[in-house]
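K.L.:
Sending over a structure as structure tokens; questions will come in a sec.
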Amino acid sequence: MKTKQFVYGIKGNIVYSKYPEKIEICDNSYLLYEGNKIIGVFSKIPDAYSEIQVKDYGDRLIIPGLVDLHVHAPQYAFRGLGMDLELLDWLNTNTFPEEAKYKDTEYAEKAYRIFVDNLRKGATTRACIFATIHRKSTMILMDLLEKSGLSTMVGKVNMDRNAPDYLIEHTEESADETVEWIEEVIAKKYSRTRPILTPRFIPSCTDELMKRLKMIQKSYQLPVQSHLSENYEEIAWVKELCPESAFYGDAYDQVGLFGKDCKTLMAHCVHSDEEEVKRIKENGVYVVHCPESNTNLSSGVAPIRTYLDEGIHVGIGSDVAGGATENLFAAMTYAIQASKLRWRLQDDSLKPLTVAEAFYIATKGGGEFFGKVGSFEPGYEVDAVVLDDSRLLHPQELTVQQRLERMIYLSDDREIYAKYVAGEKLFERG
Ligand code: GUN
Ligand code: FE
């Protein structure tokens, strides 16, 4: 008989997604898990598990941890500031001067600690994070994240052109520092903090650097993250810089950094044309929807309905500091609201996103980039967030589905009661 000694349970109103269309609601149920693997959700504890320890969260909601597939840690310090610009001016005016400060490891330690502490307090359990070009500061960020208990992928950024002198690397230096950084990460033997190759975007990286990064990607089998088709000016610039590429995404694909054998995240995809969407789908590239950033920087609204209908992988990103908040419940709200404006003002053939779809992309959709993450189906990793909505008084009884909807639109860190990442409890409010 199988030993049951490492099987545990948590009890509450369990809410998760299997598909984008529908939210699974299990009132007053048990989530059973063994080690870091979910056994299943049950309305009664099966006889075979009658002896297990159960933590009862009462009438609270239990949801999968949220997944932020695109966030810039060094930009956290200027979130909510300087938003009256479009992408390229915003990068030059706000972003590059701030990122340059991370050459100073003391500043990096101070600023990254604030970012990591706040990320830990929220509903996010997993994140794919941009650091800066600075190797030492990137290691400081990774050390802090490892200690936080969150499960993350972090990238030392690569940039060898079109940046100010104070934030640029020579091609060789950028490639060599990347290898040194990866070796350092391997030597650290982190258990939950992994490296991800991070060419900032095509305008920041020469063809030569991209070729070297492909070699590095291949020899270390790393995933890749970057930006794609966010802003019209940016897209026109890529056309000039890479006249031989058929479209923006093709510039990544020509060097082998666009899906297929190389797991790839592309933030934004606001203005991807038909050919680009086709290649995204064929190559299995993950689209990261960053609706708050796309609004703040007046970039536009990505056609997420099309991507979901096409069966393209879609996750959500805060894109701090393009987005002002790391709160992914807010990101879900922005995704729904932006899709409604797009539908009303731009293209009535694409129906707005539903609450169920926004919840799906913020959990299971993005979680897939990490493996079996973001759902409570059997075999998934145990990432769970317990929500206490008692602060948000209501005069009537609400269904669990209604309570989840209110959490998406109204909650903040005060509603986060407990958090589990990869089977480990990070905290529980006493
Ligand atoms: N494209 C290149 N760099 C950035 C960045 O830092 N933020 C956003 N939103 N887009 C980018
Ligand atoms: Fe970004």
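Each value in this text was obtained by applying a stated rule to the coordinates, not by laboratory testing. Please read these numbers as outputs of a predicted model, since none were measured by experiment. So basically every Cβ, Gly included, is an ideal-geometry build from the backbone, and we count neighbours across all protein chains shown.
K.L.:
Return an integer: the convex hull volume of the alpha-carbon atoms of region 239-311, in Å³ per residue.
P.N.:
Values: hull volume 6.5 nm³, N = 73.
In region 239-311, the Cα hull volume divided by residue count equals 89 Å³.
K.L.:
Please turn the phi angles of region 397-407 into ³J(HN,Hα) values with the Karplus equation 6.51 cos²θ - 1.76 cosθ + 1.60 (θ = phi - 60°), one per residue in order, whole Hz, x for glycine and proline.
P.N.:
Listing the rounded values in order: 6, 10, 6, 5, 4, 5, 5, 5, 4, 5, 4 Hz.
K.L.:
What nm value, rounded to one decimal, do you get for the distance between LEU350 and GLU180 when each label is placed 7 Å out toward the C-beta?
P.N.:
4.3
K.L.:
Mind checking the alpha-carbon convex hull of the chain and giving the volume per residue in Å³?
P.N.:
Numbers: hull volume 63.2 nm³, N = 430.
Hull volume normalised by residue count: 147 Å³.
K.L.:
List the residues whose amide H sits under 5 Å from the amide H of VAL285, counting only those 5 or more places along or on another chain, with H placed 1.01 Å from N in the peptide plane.
P.N.:
LYS260
K.L.:
Also: Distance between Cα centroids, region 342-384 to region 275-333: provide it in whole Å.
P.N.:
11
K.L.:
What residues have an amide H closer than 5 Å to that of GLY40, excluding those fewer than 5 places away on the same chain, when H is modeled at 1.01 Å from N in the peptide plane?
P.N.:
The answer is LEU32.
K.L.:
Separate question: GluC sites (Glu not before Pro) within region 255-324: which are DSSP loop residues with at most 15 other Cβ atoms inside 10 Å?
P.N.:
Filter output for region 255-324: GLU310.
K.L.:
Kindly provide the GluC sites (Glu not before Pro) of region 225-272 that DSSP labels as loop, not H, G, I, E or B, and whose Cβ sees at most 10 other Cβ atoms within 10 Å. Let's see the in-between values first.
P.N.:
Numbers: sites: GLU230, GLU233, GLU234, GLU240, GLU244; in loops: GLU230, GLU244.
Here the GluC sites (Glu not before Pro) that fit, given the DSSP loop and packing criteria, are GLU244.
K.L.:
Pick from HIS313, HIS394, HIS170: which residue has the top mean-square fluctuation in a GNM of the chain where Cα pairs under 10 Å get a spring?
P.N.:
Taking springs between Cα atoms under 10 Å, the residue moving most is HIS394.
K.L.:
Sticking with this structure for a sec: Kindly state, to the nearest 0.05, the FRET efficiency for ASP250 paired with GLU428, given R0 = 35 Å and r defined as their beta-carbon distance.
P.N.:
0.10
K.L.:
Same structure, new question: Along its three principal axes, how long is region 376-430 when you only count alpha carbons? Whole Å, largest extent first please.
P.N.:
That works out to 37, 26, 17 Å along the principal axes.
K.L.:
Hey, another quick one. Quick one: Cα centre-to-centre distance for region 207-233 and region 122-199, in angstrom?
P.N.:
Between the Cα centre of region 207-233 and that of region 122-199, the gap is 14 Å.
K.L.:
If you stretched the chain out fully between LEU410 and ASP56, how much longer would it get, using 0.36 nm times the residue separation minus the C-alpha to C-alpha distance? Could you put the intermediate results ahead of the total?
P.N.:
On the way: separation 354, 0.36 × 354 = 127.44 nm, distance 2.46 nm.
Additional length available on full extension: 125.0 nm.
K.L.:
If you don't mind, another one. Over region 190-277, one equal point on each Cα, no solvent: what is log10 I(q)/I(0) by the Debye formula at q = 0.24 Å⁻¹?
P.N.:
Normalising to I(0) and taking log10 leaves -1.26.
K.L.:
Once the convex hull of the C-alpha atoms of region 44-138 is built, how many Å³ does it hold per residue, rounded to a whole number? Mind dumping the intermediate values first?
P.N.:
Numbers: hull volume 16.4 nm³, N = 95.
It comes to 172 Å³ per residue, whole-number rounded.
K.L.:
A further question on this structure: Determine, at each q value in 0.21 (inverse angstroms), the log₁₀ of I(q)/I(0) that the Debye formula gives when each Cα of region 317-430 is one equal point scatterer.
P.N.:
-1.35
K.L.:
How large is ³J(HN,Hα) for each residue in region 36-43, as worked out from phi by the Karplus curve 6.51 cos²θ - 1.76 cosθ + 1.60 (θ = phi - 60°), to whole Hz, x for Gly and Pro?
P.N.:
In residue order, the calculated couplings are 10, 10, 6, 8, x, 10, 10, 7 Hz.
K.L.:
Turning to a different aspect of this structure: Enter the Cα centre distance for the pair region 404-423 and region 35-55, rounded to the nearest angstrom.
P.N.:
After rounding, the separation between the Cα centres reads 23 Å.
K.L.:
Angle, helix 328-345 long axis vs. longest principal axis of the chain, Cα atoms, 0 to 90°, nearest 10?
P.N.:
So the helix axis and the longest Cα principal axis differ by about 70 degrees.
K.L.:
Tell me the trypsin sites (Lys or Arg not before Pro) within region 374-430 that lie in a loop according to DSSP and have at most 12 other beta-carbon atoms within 10 Å. Present the calculation step by step, with values, prior to reporting the outcome.
P.N.:
Details: sites: ARG391, ARG403, ARG406, ARG414, LYS419, LYS425, ARG429; in loops: ARG391, ARG429.
Qualifying residues, ordered by number: ARG391, ARG429.
K.L.:
Per-residue HN-Hα couplings for region 377-387, Karplus 6.51 cos²θ - 1.76 cosθ + 1.60 at θ = phi - 60°, whole Hz, x for Gly and Pro?
P.N.:
6, x, x, 6, 6, 8, 10, 9, 10, 9, 10
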